[in-house]
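Shown next, in structure tokens, is the structure this report addresses.
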Amino acid sequence: MVLEVLKIALFGAETLKAGEIVAMLHMDFKVQIASFYSVHADARIVPRFQDQSDSGLPAKLQHALTDAKKRKLFEGKPGQTYDFQQAVFIGLGPKDAFLPHQFMRAIGAAYPVLKRFGAKAVAVDVTHLDSACVSFAVQGLRDAAYRFDVFKTEKAKDALLEKVVLVAKDERAHAALRSGLVVSDAVLWARDVNNQPGNVATPAYMAEQARKMGRNAKLKVTVLDEKTLKKKGFHALLAVGQGSLNPPRLVVLEYAGGSKKDPWFALVGKGITFDSGGISIKPSADMDKMKYDKSGACAVLGAMSALSALKIKGNVVGVVAFAENMPSGSSYRPGDIVSSLSGKSIEVLNTDAEGRLVLADALHYVHSQYEPEHVVDLATLTGACCIALGEQFAGLFGNDDEFLKQVEHASKQSGDLVWRLPVQEFEDQIKGEFADVKNVGHPKGYAGASTAAAFLKQFVSGSWAHMDIAGMAWNTSPKPYLASGATGFGVRLLLGVLSNRNAFKKANDN
Ligand code: BES
Ligand code: MN
Ligand code: ZN
């Protein structure tokens, strides 16, 4: 066991070496089954529910907390912190409404406080919490510590938090620590690669990163380059990329965690490395954020990177479509009619509705090649989804109620929150005038997230869930628990859906 802990502390989680691009977080985690206040540390994190009585704490802390409550400085609300001497209280909200994922952002909010302390070793009290909170503690602290600073000549000279002791009640904490590190590696990898700017992260670069990641994560990786895409007839993907000097790539990653007879589970991601809008060009304000238009693909790649380390059962295929949407003399134009891999013709009314075009080919490809049992796609697809659901929820769409319930369940476990929106009712709106389908719905953009989903549905032939993550994929303002930039939204949710299927299968086998 000691060796095991040492190994994790020194090398991070098992198989995944996320590559040179992941920021090295020199933070070592260790589980200790002990009584919390007997553990030595420079600082300690003390979780509190909103309705919890102050008794049971050491006298000094009890007084400090009672005093803070009286002065309305700390009530135990989610996201609240209050520090006294070397203790940081973190709020978890009302106990009966608490979900383990909330521990992630609660502990993350304490990270800036620990930095202010200059703490090198911190002890976290998880003795009264579900072992899942151990995993979320790891993810929360590492998420809070991550910075995208590879291009900065002078890195922040923050005091480093070197050692985190998770003080837990039983042995289950060890497995939770291990999975927390694996999931966190996957999320940080996804954030890091997504934060890369468009001049670095071209479709070819993204394919190369996928290849490297796949080698470390025991995946079979196939990259279809421009020539192959042409030969195979990916007309919609090629149309989107034809205005750019950086040609498209389609990356296919296979994880064989089941037998040959087992069905495939498919993950599909939108990977627009930069979305200028093309000839239907976007306004300048915030156009820089369109480097994050590859967030769906990054989430799929991040999730794929963790499958083998998490010993997920079953076969999983990831398909990510990369292209850059640029205006030039070779760009596709509004009014163009393009074909697609499926053979359906598409009328391009707006070149800025490009995500659905690359997904059309990726979705058709995965259906025709793998006949998957379920498909989930993730995409920063519409501004309309941000208008509808803000930065609170991703939009969830689909054609299979049972499956969507599984996704919703994993959403509540993982903290990657989703909200259901309708699809079928909008299919009429994307019928083409001069082609089979058109790439925009209502001329005023009404229900834009649903009409986009209705378009995707035309290229789907089985159980399917679509997530519009436009409002969730990056942070517009830095939070104490998460720097500005890519959030890694979707990685945890996808891993949750796949892990739950494991548990479900096990129950059925027995
Ligand atoms: N990548 C954008 C969607 C987006 C916009 C995500 C803002 C996050 C923030 C997508 O390709 C797009 O431009 N969609 C258009 C569709 C419209 C032209 C039908 C949109 O939402 O305006
Ligand atoms: Mn666009
Ligand atoms: Zn886009």
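The values are calculated or read from the model by the stated rules, or taken from the named source; none is laboratory data. What you are looking at is a predicted structure, and each value in this text was computed from that prediction instead of being measured. As a convention, Cβ positions derive from the backbone with ideal geometry for all residues, glycine included, and neighbour counts pool all protein chains shown.
What residue, among those in the range 342-359 that are more than 14 Å from residue 241 (Cβ to Cβ) and more than 10 Å from ligand 2 (Cβ to nearest atom), is nearest to the chain's Cα centre (by Cα)?
Filtering the range 342-359 for residues that are more than 14 Å from residue 241 (Cβ to Cβ) and more than 10 Å from ligand 2 (Cβ to nearest atom), the one nearest to the chain's Cα centre (by Cα) comes out as 342.
Taking the condition of being part of a helix (DSSP H, G or I) and either at pLDDT below 80 or more than 21 Å from residue 171 (Cβ to Cβ) (or both), how many residues in the range 1-36 meet it? Talk me through it step by step, then tell me what you get.
Filtering the range 1-36 for residues part of a helix (DSSP H, G or I) gives 2-11, 36.
Add one more test, that the residue is either at pLDDT below 80 or more than 21 Å from residue 171 (Cβ to Cβ) (or both), and what stays is 2-11.
The total comes to 10.
Collect the residues in the range 24-44 that are buried (at least 18 other Cβ atoms within 10 Å of the Cβ) and small (Gly, Ala, Ser), keeping them in residue-number order.
Matches in the range 24-44: 41, 43.
What number of residues within the range 73-131 satisfy the criterion of being over 19 Å from residue 173 (Cα atoms) and β-branched (Val, Ile, Thr)?
Summing the residues that are over 19 Å from residue 173 (Cα atoms) and β-branched (Val, Ile, Thr) in the range 73-131 gives 4.
Residue by residue through the range 159-197, note down the ones that are aliphatic (A, V, I, L, M), more than 30 Å from residue 297 (Cα to Cα) and out of contact with any Phe, Trp or Tyr (no Cβ under 6 Å at 6 or more places or on another chain).
Matches in the range 159-197: 159, 160, 161, 165, 166, 168, 173.
Can you tell me which residues in the range 420-444 are within 31 Å of the chain's Cα centre (by Cα) and surrounded by 15 or more Cβ atoms within 10 Å (Cβ to Cβ)?
Those that are within 31 Å of the chain's Cα centre (by Cα) and surrounded by 15 or more Cβ atoms within 10 Å (Cβ to Cβ): 420, 421, 423, 426, 427, 429, 430, 437, 438, 439, 440, 441.
Being surrounded by fewer than 24 Cβ atoms within 10 Å (Cβ to Cβ), away from ligand 3 (no atom under 16 Å from the Cβ) and under 22 Å from residue 443 (Cα atoms), is that true of even one residue in the range 321-335?
yes
Do any helices (runs of 4 or more DSSP H) entirely within the range 119-227 hold 2 or more residues that are of a type in the set (Val, Ile, Thr) and under 30 Å from residue 380 (Cβ atoms), and if so, which?
Numbers: elements: 132-145, 172-195, 203-216.
Passing ranges, in order: 172-195.
Might you let me know whether the range 438-455 holds any residue that is within 29 Å of residue 256 (Cβ to Cβ), in the same structural domain as residue 362 (by TED's automatic domain parsing) and touching a His at 6+ places or on another chain (Cβ under 7 Å)? Lay out the reasoning, then the answer.
Initial filter on the range 438-455 (within 29 Å of residue 256 (Cβ to Cβ)): none.
No, the range 438-455 has no match at all.
From 287, 326, grab the single residue that is closer than 17 Å to residue 356 by Cα and within 13 Å of ligand 2 (Cβ to nearest atom).
Details: 287 fails: closer than 17 Å to residue 356 by Cα.
Being closer than 17 Å to residue 356 by Cα and within 13 Å of ligand 2 (Cβ to nearest atom) holds for just one of 287, 326, which is 326.
Find the residue count for the range 345-381, including only residues that are buried (at least 23 other Cβ atoms within 10 Å of the Cβ) and polar (S, T, N, Q).
2
Read through the list (1) within 16 Å of ligand 3 (Cβ to nearest atom); (2) in contact with a helix residue (DSSP H, G or I) (Cβ under 7 Å, 6 or more places away or on another chain); (3) aliphatic (A, V, I, L, M), then give the number of the only condition that residue 394 fails.
(2)
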